[in-house]
């Protein structure tokens, strides 16, 4: 029988997820700045790797986003030392849901029915994992 998950582990999971969400938002906004500053699309930037690298390291939002992802990964490593994947991983699905809602509410992106179908699939998967753990 496995030990119960400690409340502090849940807090670490939520910190990791929050950092990942924040990192994703910073990266998105930062890359919009890169696009505006250079006037290049993603494909054009990829053809000029030195320009791409220079723009990334000189755009503070991109660097902050990368830092937040690294910090999230650090917290995640600590979580994985104590928490079974079946408990921890469903929390990662929160990132998809929160980022989609962020896009809808704050960035005014058009969210399609397929986006919501994807969110429903994620939520259904999390519920199935939880039910499976409860019956085991």
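Every number here is computed from the coordinates shown, using simple stated rules; none is lab data. Bear in mind that the values here come from a model prediction, so they are computed numbers and not experimental data. Cβ coordinates were reconstructed from backbone atoms using ideal geometry, including for glycine residues, and neighbour counts include every protein chain displayed.
Every helix of 4 or more DSSP H residues in the chain counts as -39500 (n - 2.57), and over all residues that averages to -29000 deg cm²/dmol at 222 nm. Set against the labelled values (1) 55, 30, 29; (2) 71, 56, 31; (3) 57, 35, 25, Cα extents along the principal axes in Å computed from this structure falls on (3). Extending 7 Å from Cα along the Cβ direction at residue 124 and again at residue 103 yields two label points whose distance is 2.0 nm. Have a look at 51, 18, 95 and tell me which one the Gaussian network model of the chain (Cα, springs below 10 Å) gives the largest fluctuation. Highest fluctuation among the options: 51.
Springs join every pair of Cα atoms under 10 Å in this Gaussian network model of the chain, and among 67, 91, 106 the largest mean-square fluctuation is at 106. Select from 77, 101, 50 the residue whose mean-square fluctuation is largest in a Gaussian network model of the chain (Cα-Cα springs shorter than 10 Å). Comparing 77, 101, 50 in the GNM, the peak value goes to 50.
Against the longest principal axis of the chain, how steep is helix 60-82, in degrees 0 to 90 to the nearest 10, with axes from Cα atoms? It works out to around 20 degrees.
Label separation (residue 81 vs residue 37): 3.7 nm, computed from points 7 Å beyond Cα along the C-beta direction. Cα convex hull, region 1-77: 101 Å³ per residue, rounded to a whole number. With respect to the chain, whose longest principal axis is taken over its alpha-carbon atoms, helix 113-135 is tilted by about 30°.
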